[in-house]
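To keep things clear, I will list the structure first and then write my remarks on it.
Only the coordinates and a few stated rules stand behind these numbers; no lab work does. None of these values were measured; they are calculated from a predicted model. In this analysis, Cβ positions are derived from the backbone assuming ideal geometry, glycine residues included, and neighbour counts consider all displayed protein chains.
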């Protein structure tokens, strides 16, 4: 099911056929450099994808979504529009993205973050969104700043300390 589109991408729900692509990304040290340790066993990735689907079922409209190239249908990566740490009790909403390396450097992250943010604002009614980057991931930090986020400091999330960025709803509406 299509969630929304950009000029070059379709954002859609995950399909079983996406698993090999997700596994390839999550097992690749280059792709995972700023996210988490890569995995070499498929089972943890299968469990993660199952958790993503369970979360999506519990929180309609939220979750992890595939990015598909409009031109040829190729798998580009995935995005997240979710509660921080997939936990509704946090009351915070987060956007995130991961692109397969062959799609890096084409402006796709900058193309997807603003409409993903608008989508999550519209769905959640939140006053602000958060995004996190590894402190050394300058490219993702530039994407977030270009997309209207502002850096607010660092925060302990997931498996380490990350730079924290906020996007205020009022900025998104201007």
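Scanning region 21-42 for residues that are part of a helix (DSSP H, G or I) and closer than 16 Å to residue 99 by Cβ gives 21, 22, 23, 24, 25, 26, 27, 29, 30, 31, 32. Could you look through region 59-86, keep only residues that are without any contact (Cβ under 8 Å) to a residue 24 or more places away in the chain and over 11 Å from the mean Cα position of the chain (by Cα), and pick out the one that is nearest to residue 27 (Cα to Cα)? The extreme case among them is 74. Please go through region 100-112 and pick out each residue that is surrounded by 14 or more Cβ atoms within 10 Å (Cβ to Cβ), more than 21 Å from residue 164 (Cβ to Cβ) and either in contact with a helix residue (DSSP H, G or I) (Cβ under 6 Å, 6 or more places away or on another chain) or touching a residue at least 60 places away in the same chain (Cβ under 8 Å) (or both). Correct list: 100, 108, 111. Using the structure shown, decide if residue 89 is closer than 25 Å to residue 1 by Cβ, surrounded by fewer than 19 Cβ atoms within 10 Å (Cβ to Cβ), without any contact (Cβ under 8 Å) to a residue 24 or more places away in the chain and in contact with a strand residue (DSSP E or B) (Cβ under 9 Å, 6 or more places away or on another chain). No: the conditions fail for residue 89.
With respect to being surrounded by fewer than 17 Cβ atoms within 10 Å (Cβ to Cβ), within 15 Å of the chain's Cα centre (by Cα) and either free of Cβ contacts under 8 Å to residues at least 24 places away in the same chain or farther than 26 Å from residue 53 by Cα (or both), residue 139 fits the description.
Among the residues examined, residue 153 qualifies as free of Cβ contacts under 8 Å to residues at least 40 places away in the same chain, on the phi > 0 side of the Ramachandran plot and in a strand (DSSP E or B). Which is free of Cβ contacts under 8 Å to residues at least 40 places away in the same chain and surrounded by fewer than 13 Cβ atoms within 10 Å (Cβ to Cβ), of 160, 148? The match here is 160. Tell me whether region 114-130 contains one or more residues that are farther than 21 Å from residue 11 by Cβ, touching a strand residue (DSSP E or B) at 6+ places or on another chain (Cβ under 8 Å) and not in a helix (DSSP H, G or I). Yes, region 114-130 contains a residue that is farther than 21 Å from residue 11 by Cβ, touching a strand residue (DSSP E or B) at 6+ places or on another chain (Cβ under 8 Å) and not in a helix (DSSP H, G or I).
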